[in-house]
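Take a look at the structure set out below.
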Amino acid sequence: MRMWVKGISFSLIPLLCIVFRVMAGEKILEKVKGETLIAKIDFSTFIPESFKVSPDCKHVAFTSKAGEKLFVVIDGKEEKHYDGIVISGGGRIIFDLPTTYHYLVLKSGSIFSLEKKLI
């Protein structure tokens, strides 16, 4: 997903979730009653192709960079910094469940799979 407007907030997440649910064949009977800010993005370090939304549409994750290091941001909180996060060639942040996600990292020339649980 590419975002071209700086300063966009994640208040669009409820709308995106409805679109995803409709595309999945669900019938949407309720209207969105409000917006909830989940996270803000620093577009100077944001990697757009890494953007993911959890299956329940309550969490967002994306990759960002700080100098030569990359890290995942989940709901606005930075994870540990690594030499690399695998997002190209099929690699991505994956939400297995609404509360569990995993991704691949590069550290000291080796690739590791990280699985995390949301609290």
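Can you pull out every residue in the range 55-71 that is over 21 Å from residue 83 (Cβ atoms) and either outside any loop (DSSP other than H, G, I, E, B) or in contact (Cβ under 8 Å) with a residue 60 or more places away in the chain (or both)?
60
Condition (residue is surrounded by 16 or more Cβ atoms within 10 Å (Cβ to Cβ), at pLDDT below 90 and either under 13 Å from the mean Cα position of the chain (by Cα) or acidic (Asp, Glu) (or both)) applied to the range 18-35: is it met by at least one residue?
So far as the range 18-35 goes, no, none of its residues is surrounded by 16 or more Cβ atoms within 10 Å (Cβ to Cβ), at pLDDT below 90 and either under 13 Å from the mean Cα position of the chain (by Cα) or acidic (Asp, Glu) (or both).
What's the number of the only condition in (1) free of Cβ contacts under 8 Å to residues at least 12 places away in the same chain; (2) assigned to a strand (DSSP E or B) that residue 95 fails to meet?
Evaluating residue 95 over (1) free of Cβ contacts under 8 Å to residues at least 12 places away in the same chain; (2) assigned to a strand (DSSP E or B) leaves (1) as the failure.
Among the residues of the range 79-92, how many are out of contact with any strand residue (DSSP E or B) (no Cβ under 6 Å at 6 or more places or on another chain) and either assigned to a strand (DSSP E or B) or under 16 Å from residue 64 (Cβ atoms) (or both)?
Number satisfying all stated conditions: 3.
The values are calculated or read from the model by the stated rules, or taken from the named source; none is laboratory data. In this text the structure is predicted, and so the values were computed from the model without any measurement. Don't worry about glycine lacking a Cβ; one is built from the backbone with ideal geometry, like all the others, and counts go over all protein chains shown.
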